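Some notes on the structure that comes next.
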Amino acid sequence: MRYHVCHLNYCFLLILCFYNLQESWLPTLAASGRHCYTATAMSDAEARQNPSGPALPGAVPGVPPRTGPGRWNRPIAGPGDRLHAWADMLLLDHGLVRLAFPNLHEFAPGVWRSGQPTPGRIRAFARRGGRSVVSLRAGRSFGSLPLEIEACRDAGLAFHDIAIRSRGLPDRGEFRAIAALFRQVERPVLLHCKSGADRAGFAAALWLMLVENRPVAEARRQLALRYGHVRLSRTGVLDAFFDAFERAAGLRPVPLTEWIETGYDPAAILAGFRATPVFRRVGAPAGQTYR
């Protein structure tokens, strides 16, 4: 029995080390001929303090720090706590899947989308010129969170934290916060959710429209099966958002930001959306917050 326990412990540590050390996941930004910046360490004065948890560097005016209860909404307390956070990230948070499929894509100059990165991948992003990381995850119950915040701080990356739901829609205030963050965050920047499929795709589409001034028909391609997004499932409510905007813009050309303020009705979009029957029992009801 003791042999099997030790064997499992050694296997877990080997997986952990391999996952942490595989840092060649990101092509060198300078090699792409696009935006390339040199990462520099941030001073304590440049970091903002989250009263309910770890320090969150990289404050953006108009975007308040997001706080709230959560098992991992705190700094790592010690070696045992760190091992627990890694175990949560790799096993409960499905990090082993992202080991094989990080779902990393550059969709605009100096702007990347992906699944939840490990500390090693965050360090790799910083070494290749990265400046900012934006987490789109709504929960506080995953061990990736304190590890990510710590890695960003040590690598000199600005960490931003803003919630987007995969089976719900932002309200007007949340859209204002998203727009303010996207227009001020420093590139190169990595936007990520858990798997890089739904929330990352929605954020990437919004970025293309709000920052790059791309048409909705082009932007919404970020929500595609090639990234893992399934329109027929409950996450198709994100597609319904762009359907509603396209209908409104077809009647009268209107910028996305103006439509959000004057014609956007998230409750009506949610009420009118129905997932394909085979997917209706998959996941939780639309509007629920996810990890």
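Suppose every K and R has +1 on its Cβ and every D and E has -1 on its Cβ; what is the size of the dipole of region 107-221 about the Cα centre, in Debye to the nearest 20?
Values: 20 positive and 10 negative charges, 38 e Å.
Here the size comes out at about 180 debye.
Give a residue-ordered list of calculated ³J(HN,Hα) values for region 238-245 (Karplus: 6.51 cos²θ - 1.76 cosθ + 1.60, θ = phi - 60°; whole Hz; x for Gly, Pro).
5, 5, 4, 4, 6, 4, 5, 5
Would you please state which residues of region 205-228 a label at GLN184 would reach in this model, taking the label point 7 Å out along Cα→Cβ and a backbone N cut-off of under 17 Å?
From region 205-228, the list is 211.
Taking the mean number of other Cβ atoms within 10 Å as a proxy for protection, how do you rank 163-170, 251-258 from highest to lowest? The partial results should precede the final answer.
Details: 163-170: 22.6, 251-258: 12.1.
Result, highest mean Cβ count within 10 Å first: 163-170, 251-258.
Output the peptides 261-274, 149-162, 101-114 sorted from most to least packed, where packing is the average of other Cβ atoms within 10 Å over each peptide's residues. Walk me through the intermediate numbers first.
On the way: 261-274: 14.1, 149-162: 22.2, 101-114: 19.7.
For the peptides 261-274, 149-162, 101-114, the packing ranking is 149-162, 101-114, 261-274.
For a test of the definition: using alpha carbon positions, the gyration tensor, and the 1.5 limit on a/c, classify region 165-219 as rounded, prolate or oblate. Could you put the intermediate results ahead of the total?
Details: a/c = 1.20, a/b = 1.14, b/c = 1.05.
Rounded shape, in that the Cα axes give a/c under 1.5.
Would region 144-191 count as rounded, prolate or oblate if I go by the C-alpha gyration tensor, calling it rounded below 1.5 in a/c and otherwise prolate when a/b exceeds b/c, oblate otherwise?
Details: a/c = 2.96, a/b = 1.56, b/c = 1.89.
The shape class here is oblate.
How large is the charge dipole for region 169-213, taken about the Cα centre, if only the Cβ atoms of Lys, Arg (+1) and Asp, Glu (-1) carry charge, to the nearest 20 debye?
40 debye
Once fully extended, how much extra length lies between SER141 and HIS84, figured as 0.36 nm per residue of separation less the alpha-carbon to alpha-carbon distance?
Working: separation 57, 0.36 × 57 = 20.52 nm, distance 1.24 nm.
This chain segment gains 19.3 nm when fully extended.
Let's see if you can work this out: charge +1 on each Lys and Arg Cβ, -1 on each Asp and Glu Cβ, no other charges. What is the dipole magnitude of region 175-267 about its Cα centre, in debye to the nearest 20? Kindly include the intermediate steps, with their values, before the conclusion.
Details: 13 positive and 10 negative charges, 57 e Å.
So the magnitude is around 280 debye.
Just so you know, all these numbers are worked out from the coordinates, no wet-lab data involved. Here the structure is a predicted model, which is why all the values come from computation and not from measurement. Cβ coordinates were reconstructed from backbone atoms using ideal geometry, including for glycine residues, and neighbour counts include every protein chain displayed.
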